[in-house]
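Reading through the structure tokens given below for one structure.
Coordinate-derived values only; no laboratory data. For clarity, every value in this text was computed on a predicted model and none was experimentally measured. Here the Cβ is made from the backbone with ideal geometry for all residues, glycine too, and neighbour counts use every protein chain on show.
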Amino acid sequence: MMKTYFNDAIIGNSRMLVCLNKKGEVERLFWPHIDYPQHIERFVAGIFDTRYKNSTSWFGEDNWQREQYYIDDTNILKTCLRDSSRGIYVEQLDYVLPDGDVYIRQYEFENIGSEELELGFVQYSSMITTTPDLSSTLFDFDTDSLIHYRHNYYISISSDIQVFQFQLGNNAMGSARYTELIGFDSIGMMPDGAVSWKIGTLKPGEKKNFNLFLCASHTLKGVKKLNTKCKVLNISEQYEKTKKYWFDFLSKAKQIDTGDADINGLYKRSLLVFKLMSDEQTGGLLASAEMDEGFSKCGRYAYCWGRDAAFITSALDAAGLTEAVDKFYNWAVNTQDDNGSWNQRYYMDGNLAPSWGLQIDETGTLIWGVLKHYEVTKDLKFLENMWNTVEKGIDFLINFIDNDTGLPKPSYDLWEERFGEHTYSCAAVYGGIMAGVKIAEILNIRREYVENWYKVAQDIKKAMEANLWKDEAGRFIRSVRTKLNPWGSEHSHYTTVIEVNPKGYRRDVTLEDWTVDVSLLGVAIPFGVFDVNDKRVADTVEAIERVLTVHPVGGIKRYENDNYVGGNPWVLTTLWVALYHIEVGNLEKAKSYFEWAIKSRTYLGLLPEQVSKDTGEPCWVIPLTWSHAMFVLVLNKLIEAGAF
């Protein structure tokens, strides 16, 4: 089944991550890590009249009017549904318990009509299944619950009232719609099932409550034990406990008050997103919940990239959430390759994720991030613990130099599209090595380390000036020795042939790529190869704004002729330019970009990756953690500059 590309809402507890759509339906559920595996194929709920057949009304159908919002300062989602023709109003609360693998749905049903209702509730669920990992389903009479299972994963659906009917497979969805479930089989090799409950008589103006529990465990005994516990929970207490958990989380962060409710609200929502996107078990940081399982439009998003993570950790530090940063860098130590590099991307458990090429900027960025974290915490023990990781990383970087250009050897760019020697990648390598120099000085490491590393960094800077700055363009160019046609020979006549790996394989590459790209900002923000007041930086930024501003909706796209998902402006790129303007004192310009980013948020306060160039509406990847990180970083800098 093809799923929507949009996760309109997310809830969870840093072990379980649940994605819902604007109708209040569950689209995806990740457990026991926030990235993998995803269990839900389909999960839909509805009501029926227990007196009549074929009376089921699914909450996702068009007859329902809806309103959806987060309970203030929490990751608890409320969806309100109204069907005036049936005379029913429903409030649905979705949240995951902070201290257990239990997802709770609280329902309140109100009869807003003039006639008595005999109400039933039905839940249809289908789980992901593959041939080598067959998903099966059983009904457990001991705990009165439907249990989906495959090797090592058991997910149950139950309530604290007695089940009315159930059915496993055999067109369970059709039977649920017809309101008659046939429970002849209580276990079978099918991925789906349905279960129903009688809510009872609902007189006009009367309200009744119903609670649904989804429990997850690695064993059948474990999930049955959770079911049993849920049946005796005081749900009001659990709701208040969960609410308090999120209040307490925010109270530990840096408090801000800009005088603008939208900014304050988006700041708190960003911190709540960070918590959901930080894996409790490992410290890995998720770029986004998955939204393209079939690789139909992209290379997928539910992984940890060192690049994204270094910006996210900077935002966490700016918000005072330094413990999460400590945990992430422990994760980074464990994922570093023996040769000192980090690969393109990883699962939350530290295993290598599907990848297509080294991106050398990530190794430099992570080392840069280590120093930035120390500058916030002043925790010398942290630096001492990271030293071996830093040393290995820089040894890799200083040996990854192209002798012909003096730049870091070809690798993929930060957009993961082109193989070459890129300006941004060079800046990140410079930034990483210079961070290593400062770390070595702080730790009083022997001087030859500092001198050698410093010399390599300065040589990279000189090579960037020689190869990547063009007087005739009055700006930096994007790349040299770059593969613009990954599928065959280069279309340009200005090519050379280079060795692309240690086994001696060679490919043709284009000598120079003059494309205007927002990542050219990396020479100053954040890596400081050149001062922000350097005229070459100013001229490059002028070109970026002139060429990459998207009219009429505003915002900055990634680069000229970008065609990914239509070539839209991105939130993070726009905020990147804002950071530059703050550094050079153009606060009004920075605030205009900042305000544009705020307007790009969804109705739930989540920042997307991109905004439609046609409508100005959020249009791809919701939420993108990096977008929220850039919002926090810009907000922090604006506050420091006295803009609020």
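Among the listed pairs Lys78/Lys244; Lys372/Lys462; Lys589/Lys613; Lys22/Lys229; Lys409/Lys461, give every one whose C-alpha distance is greater than 26 Å. The pairs that break the limit, which is 26 Å between Cα atoms, are Lys22/Lys229. If you wrap the Cα atoms of the range 43-248 in a convex hull and average its projected area over all directions, you get 11.8 nm². Remind me, relative contact order of the chain in percent, using alpha carbon pairs under 8 angstrom and six or more residues apart? Contact order relative to length: 10 percent.
Each Lys and Arg contributes +1 and each Asp and Glu -1, all at the Cβ; summed about the Cα centre of the chain, the dipole is approximately 540 debye.
The string of couplings for the range 342-352 from the Karplus curve (6.51, -1.76, 1.60, θ = phi - 60°) is 10, 6, 4, 6, 9, 6, 4, 7, x, 6, 5 Hz, one whole number per residue in order, with x for Gly and Pro. When the listed pairs Lys252/Lys381; Lys203/Lys243; Lys241/Lys327 are checked against a 28 Å cut-off, the alpha-carbon distance exceeds it for Lys203/Lys243.
Over all other residues within a Cβ to Cβ distance under 15 Å of Lys243, the charged ones net out to -2, with Lys and Arg as +1 and Asp and Glu as -1.
For the peptides 496-505, 38-47, the ranking by packing is 38-47, 496-505, with the highest mean count of neighbouring Cβ atoms within 10 Å listed first. Give the order of Ser612, Ser479, Ser592 when sorted by the count of other beta carbons within 10 angstrom, beginning with the fewest. Fewest-to-most Cβ neighbours within 10 Å comes out as Ser592, Ser612, Ser479.
Each peptide in 452-460, 533-541, 178-186 receives the mean, over its residues, of other Cβ atoms within 10 Å, and ordering these scores from highest gives 452-460, 533-541, 178-186. Taken one residue at a time, the phi angles of the range 384-399 give Karplus couplings (6.51, -1.76, 1.60, θ = phi - 60°) of 4, 5, 8, 4, 4, 5, 4, 4, 4, x, 6, 4, 5, 5, 6, 9 Hz. Gly and Pro are set to x.
Exposure proxy for Thr50, Thr573: other Cβ atoms within 10 Å of each Cβ, ordered fewest to most, give Thr50, Thr573. Each 5 Å bin from 0 upward holds the following percent of the Cα-Cα pairs of the range 467-619: 2, 9, 16, 17, 16, 14, 12, 7, 4, 2, 0.
Would you please give the FRET efficiency between Lys244 and Asp534, computed as 1/(1 + (r/R0)^6) with r the Cβ-Cβ distance and R0 = 60 Å, to the nearest 0.05? After rounding, the FRET efficiency stands at 0.75. The distance between label points at Phe141 and Tyr69 comes to 4.8 nm (points 7 Å beyond Cα on the Cα→Cβ vector). For the range 516-566, list log₁₀ I(q)/I(0) at each q in 0.26, 0.29, 0.30 Å⁻¹, using the Debye formula over Cα point scatterers of equal strength and ignoring solvent, two decimals each. Cα-only, vacuum Debye calculation for the range 516-566: -0.96, -1.08, -1.12.
Taking every DSSP helix (H) stretch of at least 4 residues in the chain, weighting each as -39,500 (n - 2.57) and dividing the sum by the residue count yields a mean residue ellipticity at 222 nm of -11000 deg cm²/dmol.
Sorting the segments 109-118, 136-145, 441-450 by their residues' average number of neighbouring beta-carbon atoms within 10 angstrom, most packed first, yields 136-145, 109-118, 441-450. Bridging of Lys224 to aspartates and glutamates at a Cα separation below 18 Å is possible for Asp99, Asp101, Asp140, Asp142, Asp144, Asp160, once same-chain residues fewer than 8 apart are set aside.
Each 10 Å bin from 0 upward holds the following percent of the Cα-Cα pairs of the chain: 3, 15, 24, 23, 16, 11, 6, 2, 0. Phi angles of the range 26-33 translate, via the Karplus equation with coefficients 6.51, -1.76, 1.60 and θ = phi - 60°, into HN-Hα couplings of 6, 9, 8, 9, 9, 5, x, 10 Hz per residue; Gly and Pro are given as x. I'd like the distance separating the alpha-carbon centroids of the range 166-218 and the range 511-539, in whole Å. Answer, in whole Å: 59.
Between 0 and 90 degrees, the angle of helix 261-276 with respect to the longest Cα principal axis of the chain falls at about 90 degrees. Quick check: the angle from helix 535-548's long axis to the longest principal axis of the chain, C-alpha only, nearest 10 degrees? So the helix axis and the longest Cα principal axis differ by about 40 degrees. Reducing the range 382-400 and the range 302-323 to their Cα centroids gives an inter-centroid distance of 19 Å. Candidates Gln123, Pro204, Asn170 compared by Cα position along the dipole of the range 43-248: farthest toward the positive end lies Asn170, with charges placed on Cβ.
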